[in-house]
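Here the structure comes first, spelled out in structure tokens, and everything after it is commentary.
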Amino acid sequence: MRVLWVLLMFGGMALAILTNHPGLLAFGLLLAGVSGFCAVFAFAAARIESTARPDSALLTPEVLAAVRARAAQQRAAQALAQGPGQNQASAPAQPLPPPPRSRS
């Protein structure tokens, strides 16, 4: 389909260059403009599609729930392994550094 848009664009440009009639000139320029616009988006869509992850690779809600449950179990196991005397709140939390400022 991308090649069709490019061929239509070149055909419109050729029509605009070779004609003597103002109506055909306008039609050729319109055809070249619209088909060029569509060709750009067709090539962009093909590029995005070639690098996109397939839908089958995305995690389902059930799998996400299982991952969250397993992470909660691991956190609970780590809290038990540290022992009841050691509280995570006793150690002061390190504040996050500010984000770097961009130079504008």
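Working from label points 7 Å from Cα in the Cα-to-Cβ sense, the VAL3 to GLN78 distance is 5.6 nm. So, R0 is 35 Å and r is the distance between the beta-carbons of LEU29 and ALA52; what FRET efficiency does that work out to, to 0.05? The computed FRET efficiency comes out at 0.50.
Here the simple spin-label model places points 7 Å from the Cα toward Cβ, and for THR60 and PHE10 these points are separated by 4.8 nm.
Every number in this text was worked out from the coordinates using simple rules, so none of it is lab data. Computed from a prediction, not measured in an experiment: that's the story for all the values here. Virtual Cβ from ideal backbone geometry, glycine too; neighbours counted across all protein chains shown.
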